[in-house]
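Notes follow the structure.
The values are calculated or read from the model by the stated rules, or taken from the named source; none is laboratory data. Fair warning: this is a prediction, and the values are worked out from it, not measured in the lab. Don't worry about glycine lacking a Cβ; one is built from the backbone with ideal geometry, like all the others, and counts go over all protein chains shown. Heavy atoms of the whole protein, side chains included, go into the accessibility calculation; ligands, DNA and RNA do not. Shrake-Rupley method; radii C 1.70, N 1.55, O 1.52, S 1.80 Å.
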Amino acid sequence: MRRYIRALLLCTVFAVFSGLYVYSKLVYSDEPVGGNGPKRVFIPPRVPGGRRGAADKTGPQNHWYNRYIMRQRGQVEAGLPSRPEPPMHLAVVACGERLEETITMIKSAVLFSIKRLSVHIFAEDQLHASFMEALESWPDFIRSRFNYTVYSISFPSENAAEWKKLFKPCASQRLFLPLILKDVDSIVYVDSDILFLQPVDRLWAFLARFNSSQLAAMAPEHEEPRIAWYNRFARHPFYGRTGINSGVMLMNMTRMRSMFFKNDMTAVGLRWEELLMPLLQKYKLNITWGDQDLLNIIFHHNPECLLEFPCQWNYRPDHCIYGSNCASAEEDGIYILHGNRGVYHDNKQPAFRAVYEAIRKYSFGADPVTALLDPLEQELLKTTHTYCGKSYPLLTKRLKHSLENVNRKAPRGQ
């Protein structure tokens, strides 16, 4: 009888230890028992006072974390839905005879951009149908890269006529973008006579460079004070040494809506919507360039709110008409071309017009080298009798890099 009892005790002890062994394998292994069923991961208890971050997720003792990361990557590769990346926002104002010019600007933005674009077009009502017809005619592989909205021109009702006639028709609409696009955090505003020679993404990246006080970015009006306009002729305050040009303007509109701006009219700060009309009333007899002058006045009193980007991001005839005076373009080429003073449509600056015509005539899906770059370089060689034409390599330096990616984004058979 004693032998039976001893045998029973031995079997019980063996069963207990076997059970403990199996249990430990289940808890500490991420492999399923029998090859089926969900995988399990043992997450060690958090050490009191420790932080969850890269520092405590590395090393052999945390091999469970590496398996977890691999599993997450596997889920992405398996096609599980992920949150879409928010688009970049681009705004333009078009009135009068600016339809084709604006369409060409949008074409350059969409052609080179990497991330998806959301385009906001502010135009006179009679232009709306033409904008939609032109943009909807673009091929599907291009249309898939952007969406657009067409808006009517609108100003505060009590002063609408005064705002509309300021400088050029509708130009001052850009001052009211933070108040109209209330659900948009940040935006790139450009004049209709802008051409992107680099992806909009590169300009959009300046948002990440803003410090805690900056809410807008623009380029200087001039680099050379001896030929600059503001420091020689302005009858109002202006930003910096030579003023700023508002043809390309990056705005964090969330910050603009919440900021109280210093000014020379009251001892207290004013919000954006409170500031504009009093400024116009005070300076309307002293401003020449309309809303751009008002922006210069605002940032003269609030210089900490502005980030300056180099002149290659807003390259105008002023930078080459008397000889090259944009150092950043000399080094890296021109990123954004600004054909102000109507130079895309006359013969005063044929180099600028050549770039505009090359992009306007380019057909989506065509080989970008033979259909755009080669004809452009041939036309630019005909402009070397002008100062801007002599700098023609600056016009194609960055464009060549941008065009390298155009064919990669086109569908097969295009």
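One chain, two ends: Q126 and R235. Fully extended at 0.36 nm per residue, the span grows by 35.6 nm beyond their Cα-Cα distance. For R98, the accessible surface of its heavy atoms amounts to roughly 70 Å² (probe 1.4 Å, protein chains only, rounded to the nearest 10). For the pair H385 and E308, a Förster radius of 51 Å applied to the C-beta separation gives a FRET efficiency near 0.95, rounded to the nearest 0.05. Averaged over residues, the count of other Cβ atoms within 10 Å places the peptides 236-249, 173-186 in the sequence 236-249, 173-186, highest first. Using heavy atoms of the protein chains and a probe of 1.4 Å, the accessible area assigned to M259 is about 50 Å².
Taking amide H atoms as placed 1.01 Å from N in the peptide plane, the amide H of L306 lies under 5 Å from those of L215, each 5 or more residues away in sequence or on another chain.
Of the chymotrypsin sites (Phe, Trp or Tyr not before Pro) found in the stretch 261-327, the ones in coil according to DSSP and having at most 14 other Cβ atoms within 10 Å of their Cβ are Y322. In this structure, the residue pairs whose Cα-Cα separation is over 31 Å, taken from K361/K397; K168/K400; K361/K390, are K168/K400. The 3J(HN,Hα) values that the Karplus relation (6.51, -1.76, 1.60; θ = phi - 60°) gives for the stretch 275-289 are, in residue order, 8, 5, 5, x, 5, 4, 4, 6, 10, 4, 8, 10, 9, 9, 9 Hz. Gly and Pro appear as x.
The Stokes-Einstein estimate for the stretch 132-186, based on a Kirkwood radius over Cα pairs and taken at 20 °C with 1.002 mPa s viscosity, is a diffusion coefficient of 157 µm²/s.
The overall shape of the stretch 263-414, judged from the alpha-carbon gyration tensor, is prolate: a/c is not under 1.5, and a/b is greater than b/c. Near I244, the amide H atoms lying under 5 Å from its own belong to E221, Y239; only residues 5 or more places off or on other chains count, and H is placed 1.01 Å from N. In terms of its alpha-carbon gyration tensor, the stretch 239-286 comes out oblate; a/c meets the 1.5 threshold, while b/c is at least as large as a/b.
Quotient of the Cα radius of gyration of the stretch 82-230 and 2.2 N^0.38 Å, N being its number of residues: 1.11. A crude spin-label estimate for the pair N211 and D140, with each label 7 Å from Cα along the Cβ direction, gives 5.0 nm.
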